[in-house]
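Written out below as C-alpha cells is the structure these notes cover.
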Ligand SMILES: *Cc1c(COP(=O)(O)O)cnc(C)c1O
C-alpha cells in the first residue's frame with residue numbers, strides 16, 4: 001500500500017480489480033491516483049490504447065480499463081514506443097511518490113511529519129469527479145495538486161456528491177435544463193476507508209433528534225490524500241442519506257446540516273483516521289464549525305473556554321472569497337438555536353456568548369455569520385486578491401471598531417492556477433524545449449520565463465492555430481452528436497458552433513452565469529457588435545459557455561438572453577453557445593481562443609482564475625480591472641475594460657464599460673490581430689503580446705507562488721507545539 005493511514009488498524013479498499021496484461025498491469029494503480037491528470041504522458045498511456053473508448057468513457061481511466069478490449073491491451077504490450085513511455089512514466093511516478101527532494105522537505109525538514117488539514121465544500125480536479133460547481137472548487141483542486149508537487153504534508157476534506165453538479169442542456173428557446181447526473185461510484189477514483197474487520201469506517205455527528213453517520217472515501221491527488229464524506233449509510237433516514245449528494249442546497253436546514261457535517265464530521269473523520277493536524281485551513285466559511293468542535297474537544301479535556309478558544313485560534317487559517325455582504329454564508333439565529341442549543345452548555349458558555357462568536361446585524365434581524373465565526377477563530381485571514389483585500393477589510397471593519405480600515409488584520413494572497421493542469425500539451429512540449437530542464441519546478445520564478453522570448457514566433461503561432469482548430473473541431477463534433485442523437489433543432493446546431501471559422505479572431509467568455517459577471521454586456525449595442533463581427537476580411541467570433549445555479553432565475557434569464565442573440569441569423573453563426581461548461585470544456589476554451597473576455601461588475605470578482613489559465617496559454621485577456629487582472633495587467637500583456645476606479649451607479653457603469661469594450665475591440669484588438677502581416681505571414685505584434693502575457697503572468701499567477709505564500713501562514717501552526725499536543729486527545 002502506498003499511503004498507509006496514520007491509524008494502522010484501518011485500510012483503503014480497492015473494490016475494482018482490472019484484468020490487465022502483466023507487462024502493463026500498473027495502469028490499474030495509476031488510474032486511482034489523480035496524478036495522471038496533470039502528466040500528459042501518463043494520460044496518453046490510456047488514450048493510446050483506444051482513443052475512441054477514451055472519449056466515450058469521458059477520460060475516465062477506471063471505466064476505460066474495465067472496458068478496453070484484450071486485443072487492444074495486448075497490442076500495446078508489443079509496441080516498443082508504448083513500453084518505453086510506460087516505463088518512463090512509472091519511474092517518474094515512483095520517484096514522485098517518494099517526495100524526498102520536494103521543496104517543502106528540503107526547506108522545512110523538521111516539519112515534514114506534521115499535517116495541514118484543508119477543508120472545502122467543493123474540489124475540482126478533473127471532469128470525471130464532478131464534485132465542484134465553479135471557481136472555488138477548481139481553486140481547491142489546484143491547491144491540492146500544488147501541495148502535492150511541493151511536498152506539503154496536506155490532507156483535504158470535502159464531500160462525495162454522488163449527484164454532483166447537474167449536466168446542462170439548453171432548449172431551443174434558450175432555457176437551461178438541469179439534467180440529473182449520478183456518479184457511478186464504482187467507476188470513480190474513490191476508495192472506501194475500511195476497518196480491520198472489513199466494515200467501512202463510520203463517524204457520527206449529532207443533528208436534532210438523531211445521529212447521522214458518515215462514511216469516508218479516499219482520493220489520491222499525487223502525494224496528497226483527499227477524504228470525502230458520504231452520508232449514504234444504511235441506518236440514516238432517506239433525507240439524511242441525501243444530505244451529501246448535492247452541492248449548495250437553497251434550503252437553509254439542509255445547508256446548515258451540510259456545514260455541520262463538513263466541519264464537525266470532517267474533523268471527526270480526520271481524528272478517526274489517526275491524523276492530528278497542526279494547521280486547519282478553512283477554504284471559505286462553510287467549514288467554520290470545525291473551529292467550534294476543536295474548542296469543544298479542549299473544553300472536554302478541562303481547559304476553560306476562553307483559553308481553549310485562544311489555543312484553537314493559533315493554528316486556524318481562513319480564506320474568504322466573497323466580496324459582497326449578500327453572498328456571505330449566514331444563518332438566522334432560530335436555526336442556530338435549533339441545531340446548537342446542546343453545544344453551549346458543553347462549552348460552558350451562555351447562548352448570548354455563543355451568538356457573540358458570529359453575530360452580524362442584517363436589515364432582517366440578527367444573523368449567525370460563518371465568515372465572522374471563521375475570522376474570530378483564525379489567526380490568519382486572507383482575501384484572494386489585492387483589491388478583494390481592501391473590500392474585505394472594509395466589509396468586516398465593524399469587528400474591529402477601534403482600528404482604521406487599513407489596519408483590519410485581513411491580508412490577501414492572490415489566487416493562482418496549477419501550471420501543468422492548465423497548460424496545453426503542445427505548449428508544454430514547446431516550453432520543455434525553450435525554458436530548460438526542470439522549468440516546471442521553478443514555475444514561480446520570473447527568471448525562467450524570460451526565455452519565452454527565445455521561442456520562434458512561427459513555432460508559437462503554429463501551436464496557437466492548432467489549439468484553435470482543436471476547439472472548433474470539438475464544438476463541431478459535439479454539435480454533430482447532438483444533431484444525430486438528441487433531436488435538437490437545426491438552429492441549435494448552428495448555435496453550437498458548426499459555422500465557426502478556425503482562422504477568425506476568436507473571443508471566449510466562459511464562467512458561471514451570475515448576474516454580476518454581465519455575460520450580456522458585450523450584447524448591449526447589438527448593431528455595433530454585428531458590425532464588428534461581420535467586417536469584411538476581419539471576422540470576429542465569440543464563444544460563450546457557462547451554467548447558472550438551477551435555483552437562480554436571473555442567471556437562467558441571462559443565459560436565455562445570450563442564447564437568443566446567438567440564434568440570430570444576422571450574426572452569421574459567429575456567436576456560439578457551448579453547453580455544459582465543465583473542466584473539460586474549460587480546457588478547450590482557455591487553450592483554444594485568442595482573447596479571454598471578462599466583464600464583472602467591479603469589485604465583485606474576488607479574484608477569478610479562468611483568465612490566468614488563458615494567459616498561460618498565450619490567450620490575451622480583455623477584462624475589467626477587477627480581481628487578479630488589476631494586478632496582472634501591465635499595459636502590454638492584454639487589454640483593460642474601464643478604469644481602475646470604484647463603481648458609481650451600476651447603470652452608468654454598465655453603459656461606460658460597454659462603450660469602452662466596443663471601442664477597444666474595434667480600434668485596437670481587431671486591427672492588431674489582422675494587421676498587415678509581414679512576409680512571414682505572422683502577426684508579429686500580436687505574438688509579441690502573447691509572449692509578454694505568458695512571460696509576466698505565468699509565474700505570478702501560478703499556484704506554486706500561491707502555495708508558498710500560504711506556507712508562510714501555515715508556519716505559525718506548524719511550529720506551535722502546544723496547540724498540537726492539546727488537540728490530539
Ligand atoms: C477555472 C474555472 C472556473 C473559474 O472561472 P472564473 O472565470 O474565475 O470564474 C469555473 N469553472 C470551471 C469549470 C473552471 O475551470
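The values are calculated or read from the model by the stated rules, or taken from the named source; none is laboratory data. Small disclaimer: the values here were computed from a predicted structure and weren't measured. Cβ coordinates were reconstructed from backbone atoms using ideal geometry, including for glycine residues, and neighbour counts include every protein chain displayed.
So, residue 152, is that one surrounded by 24 or more Cβ atoms within 10 Å (Cβ to Cβ) and away from the ligand (no atom under 15 Å from the Cβ) or not? It would help to see each step written out before you state the result.
On the way: surrounded by 24 or more Cβ atoms within 10 Å (Cβ to Cβ): yes; away from the ligand (no atom under 15 Å from the Cβ): yes.
Yes, satisfied.
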Given (1) under 16 Å from residue 86 (Cβ atoms); (2) touching a strand residue (DSSP E or B) at 6+ places or on another chain (Cβ under 9 Å); (3) surrounded by fewer than 21 Cβ atoms within 10 Å (Cβ to Cβ), residue 35 misses just (3)
### Query
Does region 496-508 contain any residue that is assigned to a helix (DSSP H, G or I), surrounded by 23 or more Cβ atoms within 10 Å (Cβ to Cβ) and touching a residue at least 12 places away in the same chain (Cβ under 8 Å)?
no
Among the residues of region 210-225, the number that are surrounded by fewer than 23 Cβ atoms within 10 Å (Cβ to Cβ) and farther than 20 Å from residue 263 by Cβ is 1
### Task
Might you let me know whether region 223-232 holds any residue that is over 22 Å from the mean Cα position of the chain (by Cα), touching a residue at least 12 places away in the same chain (Cβ under 8 Å), more than 30 Å from residue 102 (Cα to Cα) and assigned to a strand (DSSP E or B)?
no
Selection from region 308-355 of residues in a helix (DSSP H, G or I) and under 30 Å from residue 712 (Cα atoms) yields 308, 309, 310, 311, 312, 313, 314, 325, 327
If you check residue 451 against the conditions, is it surrounded by 13 or more Cβ atoms within 10 Å (Cβ to Cβ), away from the ligand (no atom under 16 Å from the Cβ) and assigned to a helix (DSSP H, G or I)? yes
Out of (1) surrounded by 16 or more Cβ atoms within 10 Å (Cβ to Cβ); (2) in contact with a helix residue (DSSP H, G or I) (Cβ under 9 Å, 6 or more places away or on another chain); (3) in a helix (DSSP H, G or I), the one residue 688 does not meet is (1)
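Quick check on my filter: what residues within region 117-134 are away from the ligand (no atom under 13 Å from the Cβ), assigned to a loop (DSSP other than H, G, I, E, B) and closer than 17 Å to residue 155 by Cα?
Once the filter is applied, which keeps residues that are away from the ligand (no atom under 13 Å from the Cβ), assigned to a loop (DSSP other than H, G, I, E, B) and closer than 17 Å to residue 155 by Cα, region 117-134 yields 120, 121.
Residue by residue, here is whether (1) surrounded by fewer than 22 Cβ atoms within 10 Å (Cβ to Cβ); (2) more than 10 Å from the ligand (Cβ to nearest atom) holds:
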site	(1), (2)
594	no, yes
605	no, no
608	no, no
622	no, yes
642	yes, yes
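So that you can scan it fast, the table gives a plain yes or no per residue for (1) touching a helix residue (DSSP H, G or I) at 6+ places or on another chain (Cβ under 7 Å); (2) in a strand (DSSP E or B):
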{"residue": "623", "(1), (2)": "yes, yes"}
{"residue": "627", "(1), (2)": "yes, no"}
{"residue": "631", "(1), (2)": "yes, no"}
{"residue": "646", "(1), (2)": "no, no"}
{"residue": "653", "(1), (2)": "no, no"}
{"residue": "660", "(1), (2)": "no, no"}
{"residue": "669", "(1), (2)": "no, no"}
{"residue": "672", "(1), (2)": "yes, no"}
*Using the structure shown, decide if residue 648 is away from the ligand (no atom under 16 Å from the Cβ), at pLDDT below 95 and more than 18 Å from the chain's Cα centre (by Cα).*
yes
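Being farther than 24 Å from residue 527 by Cβ and either surrounded by fewer than 21 Cβ atoms within 10 Å (Cβ to Cβ) or near the ligand (Cβ under 9 Å from one of its atoms) (or both) is the filter here; which residues of region 571-588 pass it?
At the first step, the residues of region 571-588 found to be farther than 24 Å from residue 527 by Cβ are 578-588.
Scanning region 571-588 gives 580, 581, 582, 583, 584, 585, 586, 587.
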So residue 536, is it surrounded by fewer than 18 Cβ atoms within 10 Å (Cβ to Cβ), away from the ligand (no atom under 16 Å from the Cβ) and not in a strand (DSSP E or B): yes
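Can you find a residue in region 396-412 that is surrounded by 14 or more Cβ atoms within 10 Å (Cβ to Cβ) and under 18 Å from residue 146 (Cα atoms)? Working first, answer last.
Taking region 396-412 and keeping what is surrounded by 14 or more Cβ atoms within 10 Å (Cβ to Cβ), we get 396-397, 399-400, 408-412.
Right, trim to under 18 Å from residue 146 (Cα atoms) and you get none.
No, every residue in region 396-412 fails to be surrounded by 14 or more Cβ atoms within 10 Å (Cβ to Cβ) and under 18 Å from residue 146 (Cα atoms).
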Taking region 15-32 and keeping residues surrounded by fewer than 19 Cβ atoms within 10 Å (Cβ to Cβ) and closer than 26 Å to residue 138 by Cα leaves 28, 29
Scanning region 615-657 for residues that are in contact with a strand residue (DSSP E or B) (Cβ under 9 Å, 6 or more places away or on another chain) and more than 14 Å from residue 692 (Cβ to Cβ) gives 622, 623, 624, 625, 626, 627, 629, 630, 640, 641, 642, 657
